[in-house]
1. Nearest 500 deg cm²/dmol is fine: what mean residue ellipticity at 222 nm does the chain get from its DSSP H runs of n ≥ 4 alone, each adding -39,500 (n - 2.57), divided by its residue count?
2. Evaluate E = 1/(1 + (r/R0)^6) for D5 and E25, where r is the Cβ-Cβ distance and R0 equals 41 Å; express this FRET efficiency to the nearest 0.05.
3. When the scattering of the chain is computed by the Debye formula from its Cα atoms alone, each counted once and equally, what is log10 I(q)/I(0) at q = 0.10, 0.11, 0.15, 0.21 Å⁻¹?
4. For the chain, find the longest principal axis of its Cα atoms and tell me its angle to the long axis of helix 3-103, 0 to 90°, nearest 10.
Amino acid sequence: MSNSDYIIKAAIKKVTEKLNEVLVEKIEEATNIAQDAPEIFKKEFENLKDSIIEEAEKMQNEVNTYNKSNVATQQNSIINRTSEKIQDINKQIEKLNKKINYKI
């Protein structure tokens, strides 16, 4: 074997060793990430769930506030209409009283 053959074999051996070393290192990193992934997903899911619940409560409060405002407006409207009807009835009673008093 010539010197160049030894150099080529040594180069192939060292490159193979380095590739194996890097591959093992990357596999270990991937394994660590894979082990942490369920916990990361669980935390992210919990954050998402909390965020959804918070938004739902906010939306519900907005609807409740709107409904309370509508109820108050409707009640005021009913009170106003009832008040107008009472005034109309009072006017009719006054007219009837005048008629009765006029006849007497």
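Values quoted throughout were computed directly from the atomic coordinates according to the rules given, and no laboratory measurement underlies them. Fair warning: this is a prediction, and the values are worked out from it, not measured in the lab. Cβ coordinates were reconstructed from backbone atoms using ideal geometry, including for glycine residues, and neighbour counts include every protein chain displayed.
1. One gets -37500 deg cm²/dmol as the mean residue ellipticity at 222 nm.
2. On the way: r = 30 Å, r/R0 = 0.74.
Step by step, r from the Cβ atoms, then E = 0.85.
3. Values, matching the q order: -0.72, -0.76, -0.91, -1.07.
4. The helix 3-103 is inclined about 0 degrees to the chain.
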